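The values are calculated or read from the model by the stated rules, or taken from the named source; none is laboratory data. Computed from a predicted structure; not experimentally measured. Cβ: placed from backbone, ideal geometry, glycine included. Neighbour counts: every protein chain shown. Ligands, DNA and RNA are excluded from the accessible area calculation, which covers all protein heavy atoms including side chains. Shrake-Rupley method; radii C 1.70, N 1.55, O 1.52, S 1.80 Å.
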Amino acid sequence: MSQIEPKIDTTHDVSSANSDIESLRSLEYMGNYYLKDYEYLSPKVLERGRGAGNIVASLERNKAGNCKLFARLWLREVMKGLKQFLYEGSLHGVKYIFEPTFSFKERMIWVVILVISIAICAVNIFQLFSKWHSTPFVNVIDSLPTPIWAVPFPMVVVCPQLHLQRSFVNVSEIDKQSLNHFFASLVCPQMSRTKQAPQKRMTPKDNVQMQKFIVEGSPKCTDIIKSCYWRPTQEFEWLEKECCEKMFKPIFTDYGLCFAFNSLPLNAMNNDTQYWHKTFDKDVTQQPLNWSLDGGYPKVFPPDPTMIPLRVMASGEIHGLGVELYLNSSEHQYECDGNNLGYNVLISSPTDHVYVSTVLRLPMNKMTTIEVSPTTYKTDNALRALAPYIRQCFFQDENKLNYYEFYTDSNCKHDLWIREVKKKCHCVLYNWPRLYIWESICSTKSDFRCIEEVRAKVEEKLTYAYYEDSQEDRKAQTEFASCYPACNDILYSSQVFYSDLISVPRISKSDFRFKQ
């Protein structure tokens, strides 16, 4: 069967050309060109299209059918539709590749331009995706101000620069070969604990004796805090007995035995350390908390000013904490404390440990005003779906610590140090939290040397982990090597102001009052 091809007049007679095109309306496609192209194609282009083969005719000649011919027909129709889609589509540059009036060189130029454009877009998309994968969130400043009564008041720790009272023991008269001399070196800044360390590690009985020596030799709360003032719970009154009975609790730090205001139950340590706390604070108890770093205070108004941790209802000096401190200089020992006389004050979040904190030096016979400004960090709960190594922070239920109830980066670092020291040195320092009272206390020279080596390795480990986590192509972590910050946390910055006081004989009862 012969194929009858449509006859197209190649002359420039407009009327005859139009009549030929009208006769071809039933045909959608001829060769490599579309019917609508005939309206503007030149005669030479049309002549090239006349020589195209007809696969339909070939298939008709093959009465038995041929799978290859059918596949060619199907592929031909698919390519025809794709070509029509690209040619008539709105994608800029693509239609010019199939423009029949363009030469081969012109089409290749558009192919090169299209490939370069796609490559540039692909590179940009890949970079944006990598950036989103590494940091899929942004830090913004909250447009809504946080009321001051929604932020906890900081924990204030008072440490006297008097570690052993002369009335309890005279350091210069202690036998240097006795354990008491080593006990004194643990708390006295002027004495080297390494030089006084015994040859053998102390026994559990010696540990009890050491704890008793330090607690009884240190100044009591009533020896250094004479009166205090806390505006949210009192009506313009300076208190005396209530200060040490209800407000200030003993706590161990690197400065020995100190006293903390607004500390959480067990000083923010977990309940497993309760028996250790009872060795220096018999009244310590477990208390439930209605506040958390992630949830904050209960959404109840008016707020309860007695809820732990304490908070203030307004800013200003009279709405904060006032303390009158006293130090008996006759109890001072130069062999223990040197020439320093005064106080070390530690200010931190109630959830943080106090072993490494910002230290403020308070001199004697001065009125010191400390201005504290909180900075809160909040993370949207929608980011919980991301892995911690991606958002680089932990919510409170994602990384539990061995010794501390709340997760913060400082608690994580100190908790890691304690665990590594116990693992490598098989002991802990006397003032570190302990899960069991009978745990070995580091006391020999090799123990202190081991502690310093472990500390250097822990710092090195955290440093390498920090640089590894800062890479955009960091890998997923099954174990947390870094101490990421808490997703919700509070930091406090402080400014200190001093003024002189007139020395007058101490009266028996404080009579300081603010004018109403």
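Quick one: in the range 156-194, which of the residues that are in contact (Cβ under 8 Å) with a residue 60 or more places away in the chain, of a type in the set (A, V, I, L, M) and in a loop (DSSP other than H, G, I, E, B) is farthest from THR369 (Cα to Cα)? Before you say what the answer is, go through the steps one by one.
As a first pass, look at the range 156-194 and keep what is in contact (Cβ under 8 Å) with a residue 60 or more places away in the chain: 156-167, 170-172, 182, 184, 186-191, 193-194.
Within this subset, residues satisfying the condition of being of a type in the set (A, V, I, L, M) are 156-158, 162, 164, 171, 184, 186-187, 191.
From what is left, the residues that are in a loop (DSSP other than H, G, I, E, B) are 162, 164, 191.
Working: LEU162: 22, LEU164: 28, MET191: 32 Å.
Per the stated criteria, the residue is MET191.
Matching residues to (1) of a type in the set (Asp, Glu); (2) open to solvent by less than 20 Å² (accessible area, probe 1.4 Å); (3) free of Cβ contacts under 8 Å to residues at least 24 places away in the same chain:
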| residue | (1), (2), (3) |
| --- | --- |
| SER410 | no, no, no |
| HIS414 | no, yes, no |
| TRP417 | no, no, no |
| LYS423 | no, no, yes |
| HIS426 | no, no, yes |
| ASN431 | no, yes, no |
| THR444 | no, yes, no |
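Scan the range 316-339 for residues that are at pLDDT 85 or above and assigned to a loop (DSSP other than H, G, I, E, B) and jot them down.
GLY320, TYR326, LEU327, ASN328, HIS332, GLN333, GLY338, ASN339
Give the residues of the range 255-297 that are touching a His at 6+ places or on another chain (Cβ under 9 Å) and of a type in the set (Gly, Ala, Ser), sorted by residue number.
GLY256, ALA268
Under 8 Å between Cβ atoms, which residue pairs at least 6 apart in sequence (or on different chains) link something in the range 106-127 that is within 13 Å of TYR96 (Cα to Cα) with a partner that is assigned to a helix (DSSP H, G or I)?
Going by the 8 Å Cβ cut-off, the qualifying pairs are GLU106/TYR96; ARG107/TYR96; ARG107/ILE97; TRP110/TYR96; TRP110/ILE97; VAL111/ILE97; LEU114/VAL94; LEU114/ILE97.
For LEU186, state whether it is surrounded by 13 or more Cβ atoms within 10 Å (Cβ to Cβ), in the same structural domain as GLU335 (by the TED database) and at pLDDT 85 or above. Walk me through how you get there before you give the answer.
Numbers: surrounded by 13 or more Cβ atoms within 10 Å (Cβ to Cβ): yes; in the same structural domain as GLU335 (by the TED database): yes; at pLDDT 85 or above: yes.
Judged against the criteria, LEU186 is a match.
Within the range 238-273, track down each residue that is open to solvent by 30 Å² or more (accessible area, probe 1.4 Å) and among the polar types (S, T, N, Q).
ASN271
Which one is nearest to ILE451 (Cα to Cα) among residues in the range 195-210 that are assigned to a helix (DSSP H, G or I) and of a type in the set (A, V, I, L, M)?
Just the residues of the range 195-210 that are assigned to a helix (DSSP H, G or I), to begin with: 204-210.
Still in the list and also of a type in the set (A, V, I, L, M): 208, 210.
Details: VAL208: 22, MET210: 20 Å.
The residue in question is MET210.
Looking at ILE120, ILE141, which one is modelled with pLDDT under 90 and surrounded by fewer than 11 Cβ atoms within 10 Å (Cβ to Cβ)?
ILE141
For the range 387-399, check the following and say yes or no: at least one residue is assigned to a helix (DSSP H, G or I), in the same structural domain as VAL345 (by the TED database) and touching a Pro at 6+ places or on another chain (Cβ under 9 Å).
Scanning the range 387-399, I find at least one residue that is assigned to a helix (DSSP H, G or I), in the same structural domain as VAL345 (by the TED database) and touching a Pro at 6+ places or on another chain (Cβ under 9 Å), so the answer is yes.
Quick check on the range 369-384. Is at least one of its residues surrounded by 14 or more Cβ atoms within 10 Å (Cβ to Cβ), among the aromatic types (Phe, Trp, Tyr), in contact with a strand residue (DSSP E or B) (Cβ under 9 Å, 6 or more places away or on another chain) and assigned to a loop (DSSP other than H, G, I, E, B)?
No, there is no match, as no residue in the range 369-384 is surrounded by 14 or more Cβ atoms within 10 Å (Cβ to Cβ), among the aromatic types (Phe, Trp, Tyr), in contact with a strand residue (DSSP E or B) (Cβ under 9 Å, 6 or more places away or on another chain) and assigned to a loop (DSSP other than H, G, I, E, B).
Would you point out which residue out of SER178, SER167, SER172, SER192 is within 29 Å of THR358 (Cβ to Cβ) and of a type in the set (Gly, Ala, Ser)? Full working, then the answer.
Working: SER178 fails: within 29 Å of THR358 (Cβ to Cβ); SER167 fails: within 29 Å of THR358 (Cβ to Cβ); SER172 fails: within 29 Å of THR358 (Cβ to Cβ).
Every option except SER192 fails the conditions.
Since PRO198 meets every condition but one in (1) open to solvent by less than 60 Å² (accessible area, probe 1.4 Å); (2) in contact with a His (Cβ under 8 Å, 6 or more places away or on another chain); (3) at pLDDT below 90, which condition does it not meet?
Of the numbered conditions (1) open to solvent by less than 60 Å² (accessible area, probe 1.4 Å); (2) in contact with a His (Cβ under 8 Å, 6 or more places away or on another chain); (3) at pLDDT below 90, the odd one out for PRO198 is (2).
Identify all residues within the range 341-365 that are assigned to a loop (DSSP other than H, G, I, E, B) and surrounded by 14 or more Cβ atoms within 10 Å (Cβ to Cβ); write none if there are none.
LEU341, GLY342, SER349, PRO350, THR351, ASP352, HIS353, VAL354, TYR355, VAL356, SER357
Residue by residue through the range 209-231, note down the ones that are open to solvent by 30 Å² or more (accessible area, probe 1.4 Å), in contact (Cβ under 8 Å) with a residue 60 or more places away in the chain and out of contact with any strand residue (DSSP E or B) (no Cβ under 7 Å at 6 or more places or on another chain).
ASP223, ARG231
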